[in-house]
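*Asks:* Structure in structure tokens, see below.
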Amino acid sequence: MTVKKIITAITASAILALIIGIAATAFSFGVFAPVSGKQAAAAAVAQTGGYAEDVEFEYDYYTGSRYEVEVIADGQKHKVIVDANSGKVLAVKGQYRQQHDNHYPVPAASAVNNG
């Protein structure tokens with residue numbers, strides 16, 4: 001094998017590795033998903049109201065591809081799971097948003113009147 005053939009083989013391997021790396025990165029950001037991150041955020045906001053704070057694409061071998069959208073509505077942070085293939089909302093989980101003084105707000109029904 002000549003030096004020219006070795007260099008050609010190494011170059012071809014490097015280019016192939018680069019292409020595979022780019023494709024894997026694009027997949028991890030949901031580029032190939034039928035539903036975009038913007039569409040997932042819109043579905044999440046339509047379900048909960050408020051506004052989308054963060055959108056993350058996730059893929060799991062068993063559950064498939066989905067988006068996790070953090071939505072802020074009515075003083076609460078909601079985690080909304082949206083199917084990346086259909087755009088349907090699969091689940092909504094709500095929790096109180098932490099305040100600056102590290103205390104969670106007390107719901108009005110359980111507040112104690114000290115007056």
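*Asks:* Scan region 31-71 residue by residue and report those that are more than 28 Å from GLY21 (Cβ to Cβ) and open to solvent by less than 20 Å² (accessible area, probe 1.4 Å).
*Replies:* Of everything in region 31-71, those that are more than 28 Å from GLY21 (Cβ to Cβ) and open to solvent by less than 20 Å² (accessible area, probe 1.4 Å) turn out to be ALA44, VAL71.
*Asks:* Right, next: Among the residues of region 28-85, write down those that are on the phi > 0 side of the Ramachandran plot and of a type in the set (D, E, K, R).
*Replies:* ASP74
*Asks:* Do we find a residue being within 9 Å of the chain's Cα centre (by Cα) and acidic (Asp, Glu) anywhere in region 32-53?
*Replies:* No.
*Asks:* Are there any pairs, at least 6 apart or on different chains, whose C-beta atoms fall under 9 Å, with the first in region 1-24 and without any contact (Cβ under 8 Å) to a residue 60 or more places away in the chain and open to solvent by 100 Å² or more (accessible area, probe 1.4 Å) and the second part of a helix (DSSP H, G or I) and among the hydrophobic types (A, V, I, L, M, F, W, C), and if so, which?
*Replies:* Pairs that qualify, where the first residue is without any contact (Cβ under 8 Å) to a residue 60 or more places away in the chain and open to solvent by 100 Å² or more (accessible area, probe 1.4 Å) and the partner is part of a helix (DSSP H, G or I) and among the hydrophobic types (A, V, I, L, M, F, W, C), are MET1/ALA9.
The values are calculated or read from the model by the stated rules, or taken from the named source; none is laboratory data. Quantities reported herein were computed from a predicted structural model and do not represent experimental measurements. Positions of Cβ are backbone-derived with ideal geometry, glycine not excepted, and every protein chain shown enters the neighbour counts. Accessible surface areas use protein heavy atoms only, side chains included; no ligands, DNA or RNA. Shrake-Rupley method; radii C 1.70, N 1.55, O 1.52, S 1.80 Å.
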